[in-house]
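K.L.:
Have a look at this one before I ask anything.
Rule-based calculations on the coordinates, nothing more; no lab input. Model, not experiment: these values are computed from the prediction. Counting neighbours? That spans all protein chains shown, and the Cβs are built from the backbone with ideal geometry, glycine included.
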Amino acid sequence: MRIVCPFCGERELGEFTYLGDAKPQRPAADAGEDAIYDYVYLRDNIAGPMSEHWYHGGGCRAWLKVTRNTLTHEISSVEPAAGAGAAKVGA
Amino acid sequence: MAEFSWDIRSPLDRALVAGPYGARGEDGVTLIEIRNFDLVQVMTRRGAAGEMAKAAQARFGVAAPETPKAVSAGDATLIWSGPDQFLVLSKGGRHTMEALAPVFAGSASLSDQSHARALISVSGDKARAMLAKLSSIDLHPDVFGVGAAAATSMDHTSVTLWRGKDRNAQAVFNVLVFATFAESLWHTMLDSAAEYGVTISHSEDLV
C-alpha cells in the first residue's frame, strides 16, 4: 500500500503511522457523560470507505486525513489534517 | 571545579575509515562525510508564512523552498524539510542561529541542528544502484534532477535527501541523518556499496 502525501508525493507505507478514525469530534464540555463515552470508546467497524488519520513520521512529519476503503485498501483522498502546515491549513 | 572542555567530534569519527572499501579494483561509489557545518531548522509560525518568505528572500536573495527541493543561495543551501519548514546549511559561521535569529524574529522558530546531524555525500557510477537498496525514492535523473529533495526514510531512519550540483559530471546525493543514527546508517551504506567498490573520505567543504 502507498499513500500520496500532499506535501511529499507517493510514498511507501513504512514511512507512515496509523492513528485511527478521523470522524469522532470532541464533544462540548457540557455535552454529558454519554457523549464523552461515545467519543472516547465507541468506534464504528466500517467495511468500506473510512476517514482515518495517518502520520508521515518517516518523511515530512505532517498529519494527514486519508479516506481508505477498508475492504480494498483503495485510497480515494489524502489531505493535510487541520493544522498541518502553517500556511496551507488553519492559518 | 575542574576545567572541562568539550571536544567536538563527528558522529562518524570512529566508524569512518578513509580509503578503499569493498570490491577491489572497482570504484563505483564515493562516500564523503562533510564535517563542521552550520545547520539551522526554520519553522514558519502559524499565519506568518508571508512574513517568513519576505525575510528569507531578503536574507538569502532567493525564495525559500515551498516544495521538496534544495535551493542554492550562494553561501547557503536552503533544503525543504516539511510543510512550512526548511533547513539552512552553510559553512564558516555566516548563517548560524545567532545570525538568523534577528532575521526571522516573529515569523519563524529556529532550532540549531549543526551538531545534531551527520552529512554524507554519495556519488560515483553506482551511487543510484547503491541508494536504490536503501531508499524507495525514484532517483532517475528524469525525476530526481539537480536540486530535487525528499524528506524520507532509509533503513527505517529519517533522512533529508537532496541532489546537489554534479561533480565531475556525476550526480551527487546528499544525506542528512540524525547524529545518533549516523553510525548505523553508515554501516548499512557500506554494506550496500561494498560490491561496487567504495572510496571513503571526509571533507570540511560543502559540495
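K.L.:
List the residues whose amide H sits under 5 Å from the amide H of A:Met50, counting only those 5 or more places along or on another chain, with H placed 1.01 Å from N in the peptide plane.
P.N.:
Those qualifying (amide H under 5 Å, at least 5 residues apart or on another chain) are A:Arg68, A:Asn69, A:Thr70.
K.L.:
Percent of Cα-Cα pairs more than 20 Å apart in region B:38-112, please.
P.N.:
14 percent
K.L.:
When only alpha-carbon atoms are used, what values of Rg and Dmax, in angstrom, describe chain A?
P.N.:
For chain A, the Cα-based Rg and Dmax read 14.6, 42 Å.
K.L.:
Still on this model: What does the structure give for A:3-15 when I average, per residue, the other chain Cβ atoms found within 10 Å of the residue Cβ?
P.N.:
For this peptide, the per-residue mean of nearby foreign Cβ atoms is 4.
K.L.:
With all distinct Cα pairs included, what does the Kirkwood hydrodynamic radius of chain B come out to in Å, to one decimal, could you say?
P.N.:
Across chain B, the inverse of the average 1/r is 17.7 Å.
K.L.:
To the nearest whole number, what is the average tally of beta carbon atoms from other chains within 10 Å of the beta carbons of peptide B:49-61?
P.N.:
1
K.L.:
Evaluate peptide B:143-152: per residue, the Cβ atoms of other protein chains within 10 Å of its Cβ; return the mean as an integer.
P.N.:
3
K.L.:
Give the Rg (one decimal place) followed by the Dmax (whole number) of region B:1-40, computed from C-alpha coordinates and expressed in Å.
P.N.:
In Å, with Rg to one decimal and Dmax whole: 16.1, 55.
K.L.:
Still on this structure, please answer the following. List the chymotrypsin sites (Phe, Trp or Tyr not before Pro) within region B:1-88 that DSSP assigns to loop and that have no more than 13 neighbouring Cβ atoms inside 10 Å.
P.N.:
B:Phe4, B:Trp6
K.L.:
Here's a follow-up. Any chance you could get the radius of gyration and Dmax over the Cα atoms of region B:98-207, in Å?
P.N.:
Taking only Cα atoms of region B:98-207, I get Rg and Dmax of 15.3, 51 Å.
K.L.:
Further, regarding this structure: Bin width 10 Å, origin at 0, all Cα-Cα pairs of the protein assembly as shown: what percent of pairs per bin?
P.N.:
6, 24, 29, 22, 13, 5, 1, 0
K.L.:
Calculate, for B:Ala23 and B:His115, the FRET efficiency according to 1/(1 + (r/R0)^6) with r their C-beta to C-beta distance and R0 30 Å; round to the nearest 0.05.
P.N.:
0.30
K.L.:
Another one. Once phi is turned into ³J(HN,Hα) by the Karplus curve 6.51 cos²θ - 1.76 cosθ + 1.60 with θ = phi - 60°, what whole-Hz value does each residue of region A:63-73 show in order, with x for glycine and proline?
P.N.:
Once rounded to whole Hz, the list reads 7, 10, 10, 10, 9, 10, 7, 5, 8, 10, 6.
K.L.:
Continuing with the same structure: With each label point set 7 Å from Cα along the Cα-Cβ vector, what nm distance links A:Ile36 and B:Ala132?
P.N.:
Modelled inter-label distance: 5.7 nm.
K.L.:
So which GluC sites (Glu not before Pro) in chain A pass both tests, a DSSP loop state and at most 12 other Cβ atoms within 10 Å of the Cβ?
P.N.:
In loop regions of chain A (DSSP not H, G, I, E or B), the sparsely surrounded GluC sites (Glu not before Pro) are A:Glu74.
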